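Enquirer: The structure's right below; bear with me while I get my questions together.
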Amino acid sequence: MPAFDTQRFFSARQRQLIYEQAEGLCQRCDIPLGTGWHADHRIPWADGGPTTIENGQALCEGCNLRKGQQMQYSDNFVPRPFQREVSTVVLERIRASKDRTIVLASPGSGKTLAYQSLATRLIREGLIDFVAVFVPRVALAQQCETSWMHKRTDGAIGGLCLLFDSSKRLGMIRHKISDPPLTHPNEPGSGFVATYSALVSSERLFIEWARKHEGRFLLIADEAQFCGAAGDKEDGGGTKAGGLVERVHAFARHTLLLTGTPYRADNQQLILADYESDPTDPRRMTLVRDAEATYADGIAEGYLRRFEMHLTEARVTRRTVGAVDAPTGDGVLEYNLSDDGSELVPVLRDEKTWQPLVDRVVGAVKDKQKFNQAYRGLISCMGQSEAKKVQRYLHDRYPNLRVGLAISSDAGAPQELKNFRHRPMDILVTVRMAFIGYDCPEITVVGVLTHYRDGGHLMQLVGRGLRVWDKMPPREQSCVIVAPDDPKMQGFLSLLRDENEQGLKLLEERDDREPGSEPPVQESLSYVEAAVATTTRAAGNESDMDADELQLVEYIKAAVDSAETPLKLKDVVELAGIMLKAAPSVPEQRSEPDAPPVYEPPKTEREQIAEIKAQTAEAIKQYLYQRGISPESPGYQEAMMQATKRVNDAAGFNAQQANTLEKANKRLRAVLSALK
């Protein structure tokens, strides 16, 4: 690897001298240099060329571009406008000696591939040697590694890395917890991904790595809204993680902070970010971002789906014990959820409210599966007990439904999330586990049984169902959102509609939280006695359907066995010149879709090494068993130690030292040679 000059770009003084030596003319084509002329390295900096006057030349923009084209790579990657913007902005900010870039990106915008392609570009230009990625969840860390580059069982390389010329691209991004080395010295151009909580628990390991590679790595703080949130250790390590990210940032060549919301999960300002007063509301501070992708961009560019929201009304009964103005001492107040959502938590806990919503999710998923059996749904619940109740209800009421459960208390949640992505499933029930960066475009129905009403949180959640799936025509895809009809959900509906109407325009502000007030202090004991779901209405990107119309259209759907969503079916009927109350003609019988193929989820290198080690341990046990030595036999432990030592001697290292695929496989092969 060439020795790089610590100075990458020419200083203002050097540029002036280079310009004077060239007498204001391009040193290739002799045309007068304009304001956008380039100070170029004769010997490329990436090849060890120094940033000196002697190695500099003045080129016009066209000549420098043609020179760069001589070193182009045969990539198949075609970036979205947002991904191209991120790459361009980061490079410009590095050249301007800026140490960070802040990006606000809606779900489904492709930010993971944006930073992976950015890292490839920076490696090719010699600006960095490594990439360090931090994420809130283990599942996201595993997804980052396997989606970019993984080894298949036949030894072939798979992943998005295949979109880039293999002669020079970002290498493996290994998921790391506390096991050194974070990157291999003989693999420049690679990286690691870890969770914010791993950064907290292994602080010294990560800080020492950053210090050792100072100025030579790109730091990625992904889903940064969960980094530094006080009391939110489960989603990223709390405020200590935020402080440690800032320490790692101090050693980075550049830091890319990616967030789905302009504020942290605790509504505080993001780390490393700047804010300015909102010109329309001086009391409100807005995030200063260098690049942005919104739902409007996704609709305009065709990578996000249109939506249809089914909002279910509920009749709420509140009882106040010991009310002074009630003859019996108790007061009873009945109201509609759509008018007052202040008691949303107890309302959603009442089975007479949440069960109809769950049934509607199931119905929507079954409709979608008439188009493609791989389509599936997601139900997000308030807490673990509520999620388990929903899972039991689904198993009891729909025994043939394939239901997964991923909750934070379950150690198998990351594997459950991975299985749901790659194996035939119908519905995943979760609590705050599948909405942060979870990529499963087969999800096309989202059930909102959570009480969170922050616009950023809801956008992250419904975003799981907004991503266009490349296995189906984009124009035929839509997302069904099933939710209670409370005022703040209505506000979120308006937000989606506003973004949809803007199309290609970038939003200059996002105010997706409704102003609220503190509830009045009550002298009497008051509680929600009952909450019963009543009617459901539908609302889409532009159109609405009241409860009566929806009920009629759903009756028509059942009569003709249609899989279309109610709003789309209504549009089809009206376009055909048939009134809703008229009996529509029965469409042709839909052919049965092919069964989806079964995929084996790709494994991280850590998981593959663990499997090989388990095979080695099992092979040693089988060797002893064949010789009549079982765990119950006297001297079993000594025999196991001797057999293991023979394997270690044959391999040249023990199980703990077998920390690469090559070493793990070598030790497995050693079983055959050592234990004959």
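The values are calculated or read from the model by the stated rules, or taken from the named source; none is laboratory data. Quick caveat: nothing in here was measured; it's all calculated off a predicted structure. No Cβ is skipped: glycine too gets one built from the backbone with ideal geometry, and neighbour counts run over all protein chains shown. Ligands, DNA and RNA are excluded from the accessible area calculation, which covers all protein heavy atoms including side chains. Shrake-Rupley method; radii C 1.70, N 1.55, O 1.52, S 1.80 Å.
Enquirer: Do any residues in region 9-29 that are in contact (Cβ under 8 Å) with a residue 24 or more places away in the chain and closer than 23 Å to residue 91 by Cβ have Cβ atoms under 9 Å from those of residues that are open to solvent by 80 Å² or more (accessible area, probe 1.4 Å) and among the polar types (S, T, N, Q), where the two are at least six apart or on different chains, and which pairs are they?
Expert: Note: pairs meeting the criteria are 9/97.
Enquirer: Would region 152-173 turn up any residue that is outside any loop (DSSP other than H, G, I, E, B), at pLDDT 95 or above and out of contact with any Ser or Thr (no Cβ under 6 Å at 6 or more places or on another chain)? Reasoning before the result, please.
Expert: Taking region 152-173 as the starting set, the residues that turn out to be outside any loop (DSSP other than H, G, I, E, B) are 157-158, 160-163, 173.
This time we only want the ones that are at pLDDT 95 or above, so: 173.
Still in the list and also out of contact with any Ser or Thr (no Cβ under 6 Å at 6 or more places or on another chain): 173.
Looking for residues that are outside any loop (DSSP other than H, G, I, E, B), at pLDDT 95 or above and out of contact with any Ser or Thr (no Cβ under 6 Å at 6 or more places or on another chain), one finds at least one in region 152-173, hence yes.
Enquirer: To continue, here is another question. Give me the pairs: first residue in region 365-387 and closer than 26 Å to residue 452 by Cα, second residue assigned to a strand (DSSP E or B) and open to solvent by 20 Å² or more (accessible area, probe 1.4 Å), beta-carbon distance under 9 Å, and six or more apart or on different chains, which are they?
Expert: What qualifies is 387/405.
Enquirer: Moving on to the next point. How many residues are over 11 Å from residue 132 (Cα atoms) and surrounded by 17 or more Cβ atoms within 10 Å (Cβ to Cβ) when one looks only at region 196-218?
Expert: Step one: list which residues in region 196-218 are over 11 Å from residue 132 (Cα atoms), which gives 196-205, 207-208, 211-212, 214-215.
After this cut, where a residue has to be surrounded by 17 or more Cβ atoms within 10 Å (Cβ to Cβ) as well, the list is 196-200, 202, 205.
The qualifying residues number 7.
Enquirer: Residues in region 153-172 that are open to solvent by less than 20 Å² (accessible area, probe 1.4 Å) and either farther than 20 Å from residue 612 by Cα or among the charged types (D, E, K, R) (or both): how many?
Expert: Going residue by residue through region 153-172, those that are open to solvent by less than 20 Å² (accessible area, probe 1.4 Å) are 158, 161, 164, 170-171.
Right, trim to either farther than 20 Å from residue 612 by Cα or among the charged types (D, E, K, R) (or both) and you get 161, 164, 170-171.
Number satisfying all stated conditions: 4.
Enquirer: Can you say whether residue 399 is open to solvent by 40 Å² or more (accessible area, probe 1.4 Å), of a type outside the set (S, T, N, Q) and touching a strand residue (DSSP E or B) at 6+ places or on another chain (Cβ under 6 Å), as far as the supplied structure shows? Don't jump to the end; show me each part of the working.
Expert: Details: open to solvent by 40 Å² or more (accessible area, probe 1.4 Å): yes; of a type outside the set (S, T, N, Q): yes; touching a strand residue (DSSP E or B) at 6+ places or on another chain (Cβ under 6 Å): no.
So residue 399 fails the test.
Enquirer: Something else about it: Could you please give the count of residues in region 39-61 that are surrounded by fewer than 19 Cβ atoms within 10 Å (Cβ to Cβ) and either closer than 26 Å to residue 169 by Cα or more than 45 Å from the chain's Cα centre (by Cα) (or both)?
Expert: 12
Yes/no matrix, rows are residues, columns are (1) modelled with pLDDT under 80; (2) in a loop (DSSP other than H, G, I, E, B):
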| position | (1), (2) |
| --- | --- |
| 1 | yes, yes |
| 52 | no, yes |
| 79 | no, yes |
| 83 | no, no |
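Enquirer: OK, next. Report, ordered by the first and then the second residue, all pairs with beta carbons closer than 6 Å, sequence separation of six or more or different chains, a first member in region 148-159 that is closer than 10 Å to residue 172 by Cβ, and a second member that is modelled with pLDDT of 80 or more and open to solvent by 50 Å² or more (accessible area, probe 1.4 Å).
Expert: Every condition considered, the pairs that remain are 148/160.
Enquirer: Under 7 Å between Cβ atoms, which residue pairs at least 6 apart in sequence (or on different chains) link something in region 284-298 that is under 17 Å from residue 110 (Cβ atoms) with a partner that is open to solvent by 40 Å² or more (accessible area, probe 1.4 Å) and among the polar types (S, T, N, Q)?
Expert: 296/502
Enquirer: Looking at region 136-149, is at least one residue at pLDDT 90 or above, of a type in the set (A, V, I, L, M), closer than 27 Å to residue 269 by Cβ and in contact with a helix residue (DSSP H, G or I) (Cβ under 6 Å, 6 or more places away or on another chain)?
Expert: The answer is no, given that none of the residues of region 136-149 is at pLDDT 90 or above, of a type in the set (A, V, I, L, M), closer than 27 Å to residue 269 by Cβ and in contact with a helix residue (DSSP H, G or I) (Cβ under 6 Å, 6 or more places away or on another chain).
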